[in-house]
Amino acid sequence: TVEPGEMLQIWKNIADQRKYVVILASAGGVFIKLDEWYEGLIAEIKPMYSIDRSRVLATGFGDGAHYAIHLGASYPEEFTAVAPVAGTLEGWWKGLMRFKKTDPPSFYFLSGSEDTIVPPDQVETTAKEMEKKGYSVRFERVEGLGHTYSDEIALKIADWFDGLKKTG
């Protein structure tokens, strides 16, 4: 497992270097009023900054990955891409989904081949479900990786994101 502060530092370095806006989703054990929190955050940030949507990525790990999927499906106008690591639509997350189809983001699902907490087959099933719903999806099973997030994973996501184009 990786600590949120570690993920934050990894992405701060990448975002600063590559000029991204990264929403690092974390459910943090509090699963109520997530949409209210996100909508309040966006309402606060948008007037302060001129944000080029083509540079906005949501990512997360574990529960944060589930939340990143939710954000991308529910607020497609805000993101170019979503990259959940060890994230699925299993359980109550599925009930939260709104699947708005207007200008949807691309999704890059990553899963460790050795992940026993969120098995890669579950992640792949979620990727296929999203693809059936009309989303552009890529799935990658990272050989030898367990239930963790690393610099290597973040760089895979960043390189994928660099290849995407979206106007906003």
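Rolling a 1.4 Å probe over the protein heavy atoms leaves LEU155 with an accessible area of roughly 80 Å².
Rule-of-thumb check for region 104-146: C-alpha Rg over 2.2 N^0.38 Å? Can you show the working numbers first?
Details: Rg = 10.6 Å, N = 43, 2.2 N^0.38 = 9.2 Å.
Ratio of Rg to 2.2 N^0.38 Å for region 104-146: 1.15.
Taking a sphere under 12 Å around the Cβ of GLY146 and counting the other residues whose Cβ falls inside, with K and R at +1 and D and E at -1, yields a net charge of -3. Peptides 41-48, 16-23 ranked from most to least packed by the mean count of surrounding Cβ atoms within 10 Å: 16-23, 41-48.
Only Cα sites of region 33-165 enter the Debye sum here, all with the same form factor; the resulting log10 I(q)/I(0) across q = 0.17, 0.18 1/Å is -0.87, -0.97, listed in q order. Given q = 0.16 Å⁻¹, what are the Debye log10 I(q)/I(0) values for region 114-168, with equal point scatterers placed on the Cα positions and solvent ignored? The computed values of log10 I(q)/I(0) come out as -0.61.
For region 29-90, how big is the tail of P(r) above 17 Å, as a whole percent of Cα pairs?
Details: 783 of 1891 pairs.
Looking at region 29-90, the distances longer than 17 Å represent 41 percent of pairs.
LYS12 sits among other residues whose Cβ lies under 13 Å from its own Cβ, and their net charge, with Lys and Arg +1 and Asp and Glu -1, is -1.
Each other residue within a Cβ distance under 13 Å of ASP159 adds +1 if Lys or Arg and -1 if Asp or Glu, for a net charge of -1.
The values are calculated or read from the model by the stated rules, or taken from the named source; none is laboratory data. Predicted model only: the values in this text are computed from it and were never measured. Quick reminder, even Gly has a Cβ in these numbers, built from the backbone with ideal geometry, and neighbours come from all protein chains shown. Accessible surface is based on the protein model in full, side chains and every heavy atom, while ligands, DNA and RNA are left aside. Shrake-Rupley method; radii C 1.70, N 1.55, O 1.52, S 1.80 Å.
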